[in-house]
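The values are calculated or read from the model by the stated rules, or taken from the named source; none is laboratory data. All values derive from a computational prediction rather than experimental measurement. Neighbour counts are summed over all protein chains in view; Cβ atoms, including those assigned to glycine, are modelled from backbone coordinates with ideal geometry. SASA here: full protein model, heavy atoms, side chains in, ligands and nucleic acids out. Shrake-Rupley method; radii C 1.70, N 1.55, O 1.52, S 1.80 Å.
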Amino acid sequence: MQAFIDIHTHNKLSTNPFSILNVSISEAITTCTISEQTFFSLGIHPWDVHKTDSAILNDFDRFATNRHWKGVGECGLDRNATATFREQMFFFERQIAISEKYCKPLIIHCVSAFNEVILLKKKHKPEQNWIIHGFRGKPALALELVKHGFALSFGEKFNSLSVAATPIELLCLETDTSAFDIETLYRNIATIKNCSPESLCAACSLFKLYVC
């Protein structure tokens, strides 16, 4: 069976066995029961950091032995967020450390702060993969990020030229908050890349899923 891996979704009702459900750490420890069959990522969104106690960062430890925990995030920097940039930076750098501690890829939300994210990658020299989720930027930015070792994840709305510019081994796909069918997205992207949908399997290695 083709594994149409959806590396980032907010749809708790998804029937795709290869979806990675995005769950905030506060939700995970209070109200959300994560199915034993569900892959998930855990993070603190930059929109929420100004109303988050830093003590919650210790709660990631609760999930250390859960084999379905596949990523840290979404986390990152957003110039349009209510939280100050200093607050965002504090929580982002702590989640970078958590990503490294537990050997999980980092799923990054970035709005108008790509220079800062690139500088942080140079500063921390991470061993784990960093994936820019929901990338809609132009091909010049895609190439710059790829040059610095980022993977890019594309959703329903994408720049075709940026897809074409992204190496297949650094290209992921996602639905995020959209109801768009992930299989259709795979087929659309495969057409642009002039390959089979089965060839779009970077997420297998980037997230250590090994289901392809």
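List the pairs from K101/K193; K104/K193; K70/K157; K51/K193; K70/K121 whose alpha-carbon separation is above 30 Å, in the order I gave them. Can you show the working numbers first?
Details: K101/K193 35 Å; K104/K193 27 Å; K70/K157 24 Å; K51/K193 42 Å; K70/K121 20 Å.
Check vs 30 Å cut-off fails for K101/K193; K51/K193.
Computed over the chain with a Gaussian network model linking Cα atoms closer than 10 Å, the most mobile of K51, K193, K12 is K51.
Please list, by residue number, every one of the GluC sites (Glu not before Pro) in the stretch 21-124 that is coil in DSSP and has at most 11 other beta-carbon atoms within 10 Å. Working shown, then result.
On the way: sites: E27, E36, E74, E87, E93, E100, E116; in loops: E36.
Sparse-neighbourhood loop GluC sites (Glu not before Pro): E36.
Shown here are the Rg and Dmax of the Cα trace of the chain, at 16.1, 48 Å.
Under the definition of Cα pairs under 8 Å and six or more residues apart, what whole-number percent is the relative contact order of the stretch 38-178?
Numbers: 235 pairs, mean separation 26.3, N = 141.
This gives 19 percent for the stretch 38-178.
Applying 0.36 nm per residue to the separation of H148 and E36 and subtracting their alpha-carbon distance, the gain on full extension is 36.8 nm. Projecting the Cα atoms of W47, L57, W130 onto the charge dipole of the stretch 1-131, computed from C-beta unit charges around the Cα centre, puts W130 farthest toward the positive end. Distances between every pair of Cα atoms in the stretch 2-87, grouped in 5 Å steps from 0 to the bin holding the largest one, split as 3, 14, 24, 23, 17, 11, 6, 2, 0 percent.
In deg cm²/dmol and to the nearest 500, what is the mean residue ellipticity at 222 nm of the chain if only DSSP H runs of at least 4 residues count, each as -39500 (n - 2.57), divided by the residue total?
Rounded to the nearest 500, it is -9000 deg cm²/dmol.
Take the Cα of K138, step 7 Å toward its Cβ, do the same at D61, and the gap between the two points is 4.7 nm.
Taking 8 Å as the Cα distance limit and 6 or more residues as the minimum spacing, I'd like the relative contact order of the stretch 159-202 as a percentage.
Values: 34 pairs, mean separation 20.2, N = 44.
This gives 46 percent for the stretch 159-202.
Listed by chain and number, the aspartates and glutamates whose alpha-carbon sits under 14 Å from that of K123, ignoring those within fewer than 8 places in the same chain, are E93, E100. Across the stretch 1-104, the relative contact order, built from alpha-carbon pairs under 8 Å that are at least six residues apart, equals 24 percent. In whole percents, the pair-distance distribution calculated for the stretch 85-183 from its alpha-carbon pairs, binned every 5 Å from zero, is 2, 12, 24, 23, 20, 12, 5, 0.
Bridging of K122 to lysines at a Cα separation below 17 Å is possible for K147, once same-chain residues fewer than 8 apart are set aside.
Full extension of the segment from S14 to E100, taken as 0.36 nm per residue of separation minus the current Cα-Cα distance, would add 28.1 nm.
How big is the Rg/Rh ratio for the stretch 1-51, C-alpha atoms only, Rh by Kirkwood, two decimals?
1.02
Using a Gaussian network model of the chain in which every pair of alpha carbons under 10 angstrom is joined by a spring, one finds that among F180, F114, F18 the greatest mean-square fluctuation is at F180.
At 1.4 Å probe radius, can you tell me the per residue accessible area of the stretch 1-121 in Å²? Write down the numbers at each step before the final one.
Numbers: 5710 Å² over 121 residues.
Ligands and nucleic acids excluded, the figure is 47 Å² per residue.
Maximal additional length on extending the I29-E198 stretch stands at 57.3 nm, based on 0.36 nm per residue less the C-alpha distance.
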